[in-house]
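Take a look at the structure below.
Just so it is clear, none of the values below were taken in a lab; they were calculated from the coordinates. Owing to the predicted nature of the structure, the values given are computational and were not obtained by experimental measurement. Because the Cβ atoms are built from the backbone with ideal geometry, glycine has one as well, and the counts that use them run over all protein chains shown.
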Amino acid sequence: MDSFTAQLRGVDWDLVSSYGGLLSLATFSIYAGSYGSLPSPKPSGSEKDEEDDEVDDGEHMTLGDAYLFPIIGSFALVGLYLIVKYFGKEWINWFLGWYFSLAGVGSVWKSSISLLRYTLGEPVWKRFEKFTVIAKKGHAPIFSLSLRSPSLFLLPISVIPSGLYHFWTSTTRGGVGRSALVTDILGLSFSHNALALLKLDSFKTGCILLSGLFVYDIWWVFGTEVMVQVATKLDLPIKILWPKSLLFSSVRGFTMLGLGDIVIPGIFVALALRYDYARYAHKVESEQDRGSKTEQAVPKPYFYAALGAYVAGLMTTMLVMHVFHAAQPALLYLSPACILSFAIMAVARGEFADAWAWNDLPEEEGENAQKQKGDGKPLKKKEGLVVDSVAPGEGVRARGSSEGKKAGMIHLSIIYA
């Protein structure tokens, strides 16, 4: 007992709490972003007339994109390395600092809208006044932007994190450095929106992407100094931080996790969740055809397996980093963990062939992709998923000239010649 007590006393609980906090932030970000990636229910009939907000369902990454991603990433990384090495880090930090500060306003705004909309629920959200800004060239509509009144209130608040990050630096804070809290707010908003908008089209694409970035991380971290130099020279809100202190003191510094180690495996976890919902929708459709009832809860075996694998992979990364006292490329552990979670679950359930062949493209895109390949009938994605999840924010859309004013809406037209 005395030996065990001595071992407990020898544990660095400040560091353990820091690892736990970082792990919690990353896991929460992936969990929320995965639900944000679910397709929005498409209203029909009278519901469509009452609520015509269009949600941005994001872009799908295809197999070709997955092959190119590590190559493009390598060129970008080498480009940044050469700029930092031969021109210095000051001006590139200044330029990218402004870029991410401006992008952060939109990112925090969209994330805030999603959080508030989810918290209030759709029935309450739809009762708020709706404003629509329509831009025209002559009489031809170009686009419209629809916003509920809370969204307008959140816009000026969303400027605060970017303003603090950009102007409240180590110079103005007496050499302390930028606020970790502000960095985390911006980083989590970036990761949430990336997970909600960037979607893999299939498990095949996801496995290729993770495998390619597995090699990418090993080469650029262990094979050269490029990754380490760029990561240490650039000071940008593309990371999350947690203080090495139970009392949140910054004296000992912070543990850090790059957003790439959240977003890349995170989009694979989000794909697993969408597959679980697609399987459930297919099951509901089949049982309705037979006149039987289906349970309400959606089983999520692939999602929980992938999310659990992410947690295990990140814990392994932290353990190895702690034992060897050296920074580790997280994808070295996260990529195999996520791929194996899918493969083991699919094989154990006898669904590997179906899961590997499934695609998450909208029906029209899936048909076009299959026709180009000459594979015959496409694998169609089941629609009609009604999901109560982290709701996306308002979107921008094209409008036809025949669209009239809706009752209870205030239209602000911006017309230019």
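Distance between the modelled labels on Val159 and Tyr99, one decimal in nanometres: 2.4 nm (7 Å Cα→Cβ projection).
Full extension of the segment from Leu181 to Leu234, taken as 0.36 nm per residue of separation minus the current Cα-Cα distance, would add 17.3 nm.
Arrange Trp125, Trp358 by Cβ neighbour counts within 10 Å, fewest through most, would you?
Working: Trp125 19, Trp358 22.
Sorted ascending by nearby Cβ count, the order is Trp125, Trp358.
What is the spin-label model distance, in nm, from Trp219 to Ser149 if the labels are put 7 Å beyond Cα along the C-beta direction? My value for the distance between the label points is 5.6 nm. Residue exposure proxy: Thr224, Thr205, ordered by other Cβ atoms within 10 angstrom of their Cβ from fewest to most, comes out as Thr224, Thr205. For Ile142, the amide hydrogen comes within under 5 Å of the amide hydrogens of Ala135, Lys136, Lys137, counting only partners 5 or more places away or on other chains and with H modelled in the peptide plane.
Applying the Karplus relation 6.51 cos²θ - 1.76 cosθ + 1.60 with θ = phi - 60° to region 64-75 yields 3J(HN,Hα) values of x, 4, 5, 5, 7, 4, x, 5, 4, x, 5, 4 Hz, where x marks Gly and Pro.
With the cut-off at 1.5 for a/c, could you classify region 225-364 from its C-alpha gyration tensor as rounded, prolate or oblate?
Here region 225-364 falls in the prolate category.
For Trp242, the residues 5 or more places off, or on other chains, whose built amide H falls under 5 Å of its own are Thr255.
Distance between the pseudo-spin-label points of Ala326 and Ala312 (7 Å out from Cα toward the beta carbon): 2.6 nm.
Mind scanning Lys85/Lys239; Lys136/Lys199; Lys126/Lys239; Lys204/Lys244 and naming the pairs with a C-alpha gap bigger than 30 Å? Result: Lys136/Lys199; Lys126/Lys239; Lys204/Lys244 exceed 30 Å. When each of the peptides 103-115, 315-327 is scored by the mean number of other C-beta atoms lying within 10 Å of its residues, the order from highest to lowest reads 103-115, 315-327.
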